[in-house]
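Q: Let me begin by handing over the structure; questions about it come next.
The values are calculated or read from the model by the stated rules, or taken from the named source; none is laboratory data. Every value quoted in this text rests on a predicted model; they were computed, and no experiment measured them. Note that each Cβ is placed from the backbone with ideal geometry, even for glycine, and that neighbours are counted across all protein chains shown.
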């Protein structure tokens, strides 16, 4: 079923309303949808490299708005909507463990989740459940989601199709490198 959904999304890249579809998908992925917007972002940028920055911007803003919606789900509707989403991903134990760390490390946790392939939606909901400061949440989300989508767009704009293969083959390593750099930056800023 997931493969059919993935194939369907790939076909949407050529649709005349692809930018709107990307916005909806990016919004939904940040709060409840299982497929990341990269599957539409990548073919759209490859098809229209001159629009790469606009595509990344729409994806970033929509993702941030979806993240805020996830925060609202966590803050006000967790029992009805949020818990089934956490259960769907079988992340109950991780959700409980990370919820306890939010008071001290909320900005870092949200930033890492926003950039990495970890299901960001779980962290948007957790941020609402734990009442993470909304300004901290928005800033961390905006930076990490924009970094992720603009980096993908920039690499595709500059290198084209070969970078798609590189990203797909090394996504875990690239994400880990970014996360190490991001955490290192927060540590340096905290102790300077």
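Q: Within region 169-190, can one find any residue that is at pLDDT 85 or above, in a helix (DSSP H, G or I) and crowded, with 16+ Cβ neighbours inside 10 Å? It would help to see each step written out before you state the result.
A: As a first pass, look at region 169-190 and keep what is at pLDDT 85 or above: none.
No.
Q: Need pairs with beta-carbon distance below 6 Å; first residue modelled with pLDDT of 75 or more and within region 93-119, second outside any helix (DSSP H, G or I); sequence gap 6+ or separate chains.
A: 102/130; 102/132; 106/132; 119/89
Q: Here's a follow-up. I need every pair where a residue in region 159-177 that is within 16 Å of residue 113 (Cβ to Cβ) has its Cβ under 9 Å from the Cβ of a residue that is at pLDDT below 70 and surrounded by 11 or more Cβ atoms within 10 Å (Cβ to Cβ), sequence separation at least 6 or different chains.
A: As it stands, the answer is 174/167, since those pairs meet every condition given.
Q: When residue 131 is evaluated against the numbered criteria (1) touching a helix residue (DSSP H, G or I) at 6+ places or on another chain (Cβ under 6 Å); (2) surrounded by fewer than 17 Cβ atoms within 10 Å (Cβ to Cβ); (3) outside any helix (DSSP H, G or I), which criterion, by number, is the only one it fails?
A: Looking at each condition in turn, residue 131 falls short on (1).
Q: Checking residue 158 against (1) modelled with pLDDT of 75 or more; (2) in contact with a helix residue (DSSP H, G or I) (Cβ under 6 Å, 6 or more places away or on another chain); (3) over 20 Å from residue 68 (Cβ atoms); (4) surrounded by fewer than 20 Cβ atoms within 10 Å (Cβ to Cβ): exactly one of these is not met. Which one?
A: Here residue 158 clears every test but (2).
Q: Give me the residue from region 74-92 that is part of a helix (DSSP H, G or I) and within 18 Å of the chain's Cα centre (by Cα) and, out of that set, modelled with the highest pLDDT. Reasoning before the result, please.
A: Filtering region 74-92 for residues part of a helix (DSSP H, G or I) gives 74-76, 78-88, 92.
Filter once more, keeping what is within 18 Å of the chain's Cα centre (by Cα): 74, 82, 85-86, 88.
Values: 74: 89, 82: 74, 85: 79, 86: 78, 88: 83.
Of everything passing the filter in region 74-92, 74 is modelled with the highest pLDDT.
Q: Which residue is surrounded by the most Cβ atoms within 10 Å (Cβ to Cβ), if the candidates are limited to region 1-14 and must be out of contact with any helix residue (DSSP H, G or I) (no Cβ under 6 Å at 6 or more places or on another chain) and either outside any helix (DSSP H, G or I) or modelled with pLDDT of 90 or more (or both)?
A: Across region 1-14, the extreme among qualifying residues is 14.
Q: Restricting attention to region 26-55, which residues are part of a helix (DSSP H, G or I) and surrounded by 24 or more Cβ atoms within 10 Å (Cβ to Cβ)?
A: Of everything in region 26-55, those that are part of a helix (DSSP H, G or I) and surrounded by 24 or more Cβ atoms within 10 Å (Cβ to Cβ) turn out to be 26, 29, 40, 41, 44, 45, 55.
Q: Ok, one more. If you go through region 47-73 one residue at a time, how many are under 27 Å from residue 160 (Cβ atoms) and in contact with a helix residue (DSSP H, G or I) (Cβ under 6 Å, 6 or more places away or on another chain)?
A: Total meeting the criteria: 9.
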